[in-house]
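This report refers to the structure that appears directly beneath it.
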Amino acid sequence: MTAAVMPSSAAGLLTLLQEENDELKHYALIHLNKVVHEFWYQISSYIGSVEALYEDDEFRDRELAALIASKVFYHLGELDSALTYALGAGSHFNVDEQSEYVQTLIARCLDQYFELRVKQVEQKEQVDIDPRLVSMVERMLNRCCEHAQFEQAVGVALEGRRLDKLEEVVSRSNDQAATLSYALRVCQQLVVNRDFRQQVTLRTLCCSLLWRHEECTCYQYCYPDSNPYASHPSALQAS
């Protein structure tokens, strides 16, 4: 098998960005994305052309252009701009990727989201949160659940003041009791705001009682002649 040859320059690809033909631009972006971490310093001289492609609503590869712009700004140390373009990249920004670039921007995204949510929920400020920021956080939460990283997902839900997502994480957990216990413990230790801490405590209690009630209802359906509350006395109070 012949090893892939790394190009020595991105200059040829960059000139294609000036062409009128969208297929040539598509080809250029596809291959620039493969070498952007090696030739970001060359691409940075053409960043205006890349940004213009993203800003063109009619251009089919605008999200790919946003991803390349994001990577260039990342290497330039402009993390806020890098995150802005990463949000514009949609599904092209892969939250499952373990690269330093992706992990750095995910951390930046979470920090911004947590700060805005605290202002919105605890300080009752009128805060506009970019829906794309919300979408990226929710993609992260979904990834955590898919990989059975439920403790990490609980932490994101609590830091983001998302009781709805906390319930979702618990419902998807393969050990709901343990996840509920962890959520309550973390909340009591780390959440400073009393009102939100009480909301979490109440929500976890309700989830626990509902879970017990559903478990006992299922048991009673399968074994109608037995006492479903014998092994779960706490469920008696929930019914």
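The values are calculated or read from the model by the stated rules, or taken from the named source; none is laboratory data. The structure displayed is predicted, hence computed values, not measured ones. All Cβ positions, even for glycine, are placed from backbone atoms using ideal geometry, and neighbour counts span all protein chains on display. Side chains included, ligands, DNA and RNA excluded: accessible areas come from the protein's heavy atoms. Shrake-Rupley method; radii C 1.70, N 1.55, O 1.52, S 1.80 Å.
A few comments on the model shown:
- Enumeration of residues in segment 13-37 that are out of contact with any helix residue (DSSP H, G or I) (no Cβ under 7 Å at 6 or more places or on another chain) and open to solvent by less than 30 Å² (accessible area, probe 1.4 Å): 35
- Inter-residue pairs, beta-carbon under 8 Å, first under 14 Å from residue 142 (Cα atoms) and in segment 167-186, second of a type in the set (Lys, Arg) and in a helix (DSSP H, G or I), 6+ apart: 167/203
- Members of segment 91-116 that are in a helix (DSSP H, G or I) and modelled with pLDDT under 95: 91
- Test for residue 23: is it part of a helix (DSSP H, G or I) and either over 30 Å from residue 111 (Cβ atoms) or modelled with pLDDT of 95 or more (or both): yes
- If you go through segment 38-55 and keep only what is more than 18 Å from residue 75 (Cα to Cα) and open to solvent by 30 Å² or more (accessible area, probe 1.4 Å), you end up with 52, 54, 55.
- Flag for residue 59 being hydrophobic (A, V, I, L, M, F, W, C) and assigned to a loop (DSSP other than H, G, I, E, B): yes
- Only a single item in (1) part of a loop (DSSP other than H, G, I, E, B); (2) at pLDDT below 95 is not met by residue 12, and it is number (1).
- Selection status of residue 234, exposed (fewer than 12 other Cβ atoms within 10 Å of the Cβ) and modelled with pLDDT under 85: no
- Within segment 91-124, considering residues that are free of Cβ contacts under 8 Å to residues at least 24 places away in the same chain and within 13 Å of the chain's Cα centre (by Cα), the one most open to solvent (accessible area, probe 1.4 Å): 111
- Only a single criterion out of (1) farther than 30 Å from residue 191 by Cα; (2) open to solvent by less than 30 Å² (accessible area, probe 1.4 Å); (3) not in a helix (DSSP H, G or I) is not satisfied by residue 127, namely (1).
- Test: residue 143 is open to solvent by 70 Å² or more (accessible area, probe 1.4 Å), of a type outside the set (Asp, Glu) and assigned to a helix (DSSP H, G or I): no
- Set 77, 88: member being surrounded by fewer than 16 Cβ atoms within 10 Å (Cβ to Cβ) and either farther than 20 Å from residue 153 by Cα or in contact with a Phe, Trp or Tyr (Cβ under 8 Å, 6 or more places away or on another chain) (or both): 77
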